[in-house]
Amino acid sequence: MREDAARRDGAGAAERACALDLRALRSALAIQESGGFRAAALRLGLEQSRLSRQVNGLEERLGVSLFQRGRGGAQPTTAGYAFLERARAALEQLRAAMEDAERAGRGACGVVRVGLACGFAGVELRGLMARYRQDNPGVRVVYVEAPAAELLVRLGAGDLDAAFAPSARRLSNLDAAALWTTPLWLATPAGTCLPPHAPLLCRSAVHGDLVAVLGGSVLTGRLGEAAVSAATLMAFVRDGDCAAVVTDADAAGAPAGVLLGPLPFSTRGLPVALHWPPGRDNPALRRLAALAKLAGEGRLAGPGPPHLGQVTTLPGVSRASQS
């Protein structure tokens, strides 16, 4: 019974607080700071009679006198002083909350959760996100790296706001902005002559995307997959265990002892896009999508492909074996 009554009293107090006139609160605070009704009215640019009505109404709603009036001005009562100190803090919190909301509405603050498909966090992507962070210093970017298929599922589930993934992965329920084409490179061991049918591997996370872009080329039937990181795959290549087809991002981490070169047939690489759910109410996401569209239209300056050293070839596949 007592707990129910306390809850009712608390709810009633909350309703009364919401019904308070903020202008009357500001007037009461001005009286406390100015030391009188007349000085406060001059400070606020109000008629003194209007200011008096506001404060009288506030006192009636609260059921307590806030000021002791006299010829020397107005001084807060004990109850008035306690109320005004807490009201001042509450108004400051309200002002800060409104500023934060306005900044969030402009995309100047907030959080954006960005998925990075394995093997696609190359120099172009890093440059785009560096530009985004520069333009939006108040936005916190949370990165999640995973295979492209997993990222798109998480987008649909609401776990992510956007994802950089191959364009061909686009789902009908997602919007996308085409960005750039990620080059593909052939990695072979330096100083080691691989046998004609040496294993040709790629990371499992990109295998499906590579098979799709390679189409019916001579390499498609030979391309195996390894559920390893880019660093581990490069170590296998360096040690002479295999050759590998790698993305631009993975090629950038090639260690000494690994040669990088173009594939032995013509390919444009893997087109990449930024994917996001339509209608997502996140201003920080809208700003990222707008920046991605500019990048896709070639209106943002960006770095070129990585510098490659000695060109390498794959044993058993000649340059004439183009598809």
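What follows is calculated from the coordinates using simple rules that are stated; it is not laboratory data. Just so you know, these numbers come straight off a predicted model, no measurement behind them. Every residue, glycine as well, gets a Cβ built from its backbone with ideal geometry; the counts of neighbours run over all protein chains shown.
Expressed per residue, the C-alpha convex hull volume of the stretch 223-271 stands at 95 Å³. Potential lengthening of the chain between A157 and R95 amounts to 18.9 nm, from the contour at 0.36 nm per residue minus the alpha-carbon distance. Across every pair of non-identical alpha carbons in the stretch 168-308, the mean reciprocal distance, once inverted, gives a Kirkwood radius of 16.7 Å.
Taking 7 Å steps out from each Cα toward its Cβ at A168 and L300 produces label points 2.5 nm apart.
The phi-based Karplus calculation (6.51 cos²θ - 1.76 cosθ + 1.60; θ = phi - 60°) puts the 3J(HN,Hα) values of the stretch 150-167 at 5, 4, 5, 5, 5, 4, x, 7, x, 7, 10, 9, 7, 8, 8, 7, x, 4 Hz, whole numbers, x for Gly and Pro.
A simple spin-label model places pseudo-atoms 7 Å from Cα toward Cβ; at T181 and R26 they are separated by 6.0 nm.
Legend: Rg and Dmax of the stretch 184-262, from Cα coordinates, 11.4, 32 Å.
Entry for the stretch 118-199 at q = 0.11 Å⁻¹: log10 I(q)/I(0) = -0.44, Debye formula applied to identical alpha-carbon scatterers, no solvent contribution. Computed from phi, the 3J(HN,Hα) profile of the stretch 37-46 under the Karplus parametrisation 6.51, -1.76, 1.60 (θ = phi - 60°) reads 5, 5, 5, 5, 5, 4, 5, 8, x, 10 Hz, with x in place of Gly and Pro. Placing a label point 7 Å from the Cα of T77 along the Cα-to-Cβ direction, the residues of the stretch 41-66 whose backbone N falls under 20 Å of that point are 51-66. Placing a label point 7 Å from the Cα of A39 along the Cα-to-Cβ direction, the residues of the stretch 65-90 whose backbone N falls under 14 Å from that point are 70-76.
Here's how it looks for F67: its modeled amide H is under 5 Å from those of T77, which are all 5 or more places away or on a different chain.
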